[in-house]
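What follows is calculated from the coordinates using simple rules that are stated; it is not laboratory data. Computed from a predicted structure; not experimentally measured. Neighbour counts are summed over all protein chains in view; Cβ atoms, including those assigned to glycine, are modelled from backbone coordinates with ideal geometry.
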Amino acid sequence: RRGQSSGGGQQIAVPGVKAIIAVASGKGGVGKSTTATNLALAFARQGLKTGILDADIYGPSQPRMMGVTGRPESPDGKRLRPLENFGVKVMSMGFLVAEDTPMIWRGPMVQSAIQQMLRDVEWGELDMLVVDMPPGTGDAQLTLAQQVPLSGSVIITTPQDIALLDAKKGLNMFRKVDVPVFGIVENMSYFLCPHCGERSDIFSAGGGRREAEKLGTELLGEIPLDMVIRETSDGGQPVVISHPDSDHAKAYLRIAEHV
Ligand code: ADP
């Protein structure tokens, strides 16, 4: 399933990069970046040469989540060398502008920034490049899905998001440009109490699976709302690395196996 893209649009392959996977969401704050990070680290644990392209230009999270800071060098004065942590290469607008700089670019500039991060970066040989997409399913995301040679996509939702049909919009967006959707990940699916470990199905259980079936796609995983995920991801020590034997890490590894 990870073969070269079957998508339409003006797509030119990225030399040396075997597969590019988009991690997308209908809106912000649902855990798209957290999932992209842990998924990339899960691919790396499978022995795949992996990179992350942080295409969330307006709110780049990968420097923080991957625990990398610094400025990418350009040894040849043309292409940037990605930064690296945990064996995964990372490129993000967050490396190129100060964290408190507001991004007031218009659509075309965002598109060209993403194309540059895709093509003017020394990714080297990669089995898997994970693209942390900008949140939403508007024109910018559609253009991106069209212009990046995607092998497939994963859509992140929360139980509320599913109810609002945001996942459906994401699915339709990728289908419109002939990019296969590997499935849905339901994030913050249930609550795990940090004190007693009890599971609470705050939004009632099973919604993700039912919706995935209705939409004709797969439910790749259900990730709980858990303090450990938040602390590790915001602290630059993602759970797949810091708690490699935990149920959470296993859940991300299972998702990686299905992609
Ligand atoms: P998005 O990329 O969709 O905007 P993020 O991945 O940045 O979302 O997540 C938003 C916030 O929620 C972050 O602080 C992150 O650590 C936290 N978060 C994401 N997923 C979980 C989870 N399963 N459990 C607890 N906190 C989470």
Average Cα contact separation per residue, segment 23-257, under 8 Å, 6 or more apart, as relative contact order %: 25
With 10 Å bins from zero, work out the P(r) of segment 21-91 over every alpha carbon pair and list the percent per bin. 19, 51, 27, 4
Tell me the angle of helix 166-176 to the major Cα principal axis of the chain, expressed in degrees between 0 and 90 and rounded to the nearest ten. 40
Output the 0 to 90 degree angle, nearest 10, between the alpha-carbon long axis of helix 32-45 and the longest principal axis computed from the alpha carbons of the chain. 80
Would you please calculate the Kirkwood hydrodynamic radius of the chain over all C-alpha pairs and express it in Å, rounded to one decimal? 18.2
Residue exposure sequence - Ser246, Ser151, Ser25 - by fewest surrounding Cβ within 10 Å: Ser246, Ser151, Ser25
Gain upon complete extension [Glu231, Glu73; 0.36 nm per residue less C-alpha separation]: 53.9 nm
Degrees between helix 247-257 axis and first principal axis of the chain (Cα, 0 to 90, nearest 10): 60
Kirkwood Rh in Å, taken over segment 127-259 so that all alpha-carbon pairs contribute: 15.8
What's the magnitude of the charge dipole for segment 23-257 around its Cα centre, counting Lys and Arg as +1 and Asp and Glu as -1 at the beta-carbon? Answer in Debye, nearest 20. 460
For segment 146-177 and segment 27-81, what is the separation of their C-alpha centers, rounded to whole Å? 20
If we count other beta carbons within 10 Å of each Cβ, what is the order of Ile104, Ile255, Ile184, fewest first? Ile104, Ile255, Ile184
Per 0.36 nm of contour for each residue apart, how much would the distance between Arg254 and Ala113 grow if the chain were fully extended, relative to their Cα-Cα spacing? 47.5 nm
Give me D for segment 83-198 in µm² s⁻¹, whole number, from Stokes-Einstein with Rh from the Kirkwood sum over alpha-carbon pairs, 20 °C and 1.002 mPa s. 129
What does the net charge come to around Thr143 if you take all other residues with beta carbon closer than 13 Å to its beta carbon, with K and R at +1 and D and E at -1? +1
Cut-off 10 angstrom, C-alpha nodes, Gaussian network model of the chain. Which of Ile229, Ile52, Ile241 fluctuates the most? Ile241
What distance in nm separates the simple spin-label points at Arg210 and Glu125, each placed 7 Å from Cα in the Cβ direction? 4.9
Restricting attention to segment 40-138, which GluC sites (Glu not before Pro) occupy a DSSP loop and are surrounded by at most 16 other Cβ atoms within 10 Å? Glu73, Glu99, Glu125
